[in-house]
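These notes concern the structure reproduced below.
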Amino acid sequence: MKLSSIFKMAVLALPLMMVACRSHKTVETEKPVVVSPEQEELLSRVNSQKNDKMVFVSSKVKFSVAVGDQEISLTGNLRMKRDDVIRLQLMAFGFVEAARLEFTQDYVLIMDRINKQYLKAPYYYVDFLRNSGINFNTLQALFWNELFQPGKATLADEDKKQFTSQSLGDNEAIINYEDGDGDKVRSKMFYSWLVNEQTGRIKMANIMYRDPLNGNTQLNWDYRGFKNLGPKVFPSDMGITLTTPKKEVKLGVKLNYLNNDDDWELRTRVSDKYREVEIDEILRRFMAL
């Protein structure tokens with residue numbers, strides 16, 4: 001890993017380190033937050049990159065998944081409708097659908113087509129989604145390369161007061177958000193974005209869940225290869241790393257033939273031939289595809 005990349009990762013994790021260092025201090029009364037004109041301009045520039053005029057995104061996908069010493073490569077399809085559904089289809093041998101992941105506002109659907117198994121559950125049921133504070137709106141913002149506030153579908157002007165920012169030089173800045181209901185000592189969720197100060201484009205997103213007892217969970221999402229799609233650009237190469245106290249999962253997502261196809265069913269119907277299983281079992285099957 002390049003020295004510059006290590007530095008950027010360290011800066012993204014800095015809010016967590018600072019909170020850990022000051023955790024023994026007495027909580028002081030919160031002062032009114034004043035957003036500087038420079039910060040407000042930066043947040044507005046980043047938020048303006050939101051491609052909210054585009055409803056559908058579809059693409060062929062090349063996946064690489066690594067868990068420990070196990071690694072697989074698959075092709076597939078990505079289909080998304082804004083504010084409605086995200087669907088990933090994984091293909092085996094290039095033409096047989098082996099697995100499907102479908103995310104809606106209400107549930108996560110994971111299907112093992114080969115073994116006819118599935119899991120359909122709310123987000124809090126899946127440990128790594130719950131511990132990372134991820135729901136549909138968060139996941140959509142991550143896939144669409146957008147700034148977000150946890151628990152909200154849109155980022156209003158008033159919400160900008162809850163973010164902080166810091167210029168790193170070389171035309172880069174870091175934006176931070178702590179989700180702790182105003183109690184910074186007890187904050188558990190930390191969100192950071194590495195952005196281009198000039199364009200407002202997000203280059204990296206990081207979500208960290210701090211658990212002093214069981215260890216931290218961290219999700220890092222890198223964006224590369226931006227291509228024109230509709231009125232703006234869309235990342236065609238994403239590197240996703242989920243780090244838990246027990247394991248690290250790396251996912252590479254490369255998009256080819258990006259388009260706005262809307263000719264597909266928005267919901268998957270699970271056949272009666274499928275057996276419902278627990279999350280651990282179906283993920284173990286995934287790694288055996």
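The values are calculated or read from the model by the stated rules, or taken from the named source; none is laboratory data. Being a predicted model, the structure only gives us computed values, none of them experimental. Reconstructed Cβ throughout: ideal geometry from the backbone, glycine too, with neighbour counts over all protein chains shown. Areas reflect the complete protein model, heavy atoms only, side chains present, ligands, DNA and RNA absent. Shrake-Rupley method; radii C 1.70, N 1.55, O 1.52, S 1.80 Å.
Quick notes on this structure:
- Solvent-accessible surface of the stretch 70-127, averaged per residue with a 1.4 angstrom probe and all protein chains in place: 43 square angstrom.
- Cross-link check: pairs K50/K160; K53/K227; K161/K227; K50/K161; K160/K227; K81/K232 evaluated at a Cα-Cα cut-off of 21 Å; pairs beyond the cut-off: K161/K227; K160/K227.
- The accessible area of K152, taken with all protein chains in place and a 1.4 Å probe, comes to roughly 90 Å².
- Which listed pairs, of K116/K246; K152/K273; K152/K254, have C-alpha distances above 32 Å, in listed order: K152/K273
- Distant-in-sequence amide H partners of A98 (H built 1.01 Å from N, under 5 Å): L90, M91, A92
- Heavy atoms of R87 accessible to a 1.4 Å probe, total area in Å² rounded to 10: 10 Å²
- Relative contact order (%) - criterion: Cα under 8 Å, at least six apart; region: the stretch 133-224: 18 percent
- Across the stretch 71-184, the convex hull enclosing all Cα atoms gives 172 Å³ per residue.
- Once the C-beta distance of V270 and D69 is scaled by a Förster radius of 41 Å, the resulting FRET efficiency is 0.80 to the nearest 0.05.
- Euclidean distance between Cα centres, the stretch 135-175 to the stretch 227-247, Å: 15 Å
- Charged-residue dipole, Cβ positions (Lys, Arg, Asp, Glu), the stretch 89-215 about Cα centre, Debye nearest 20: 340 debye
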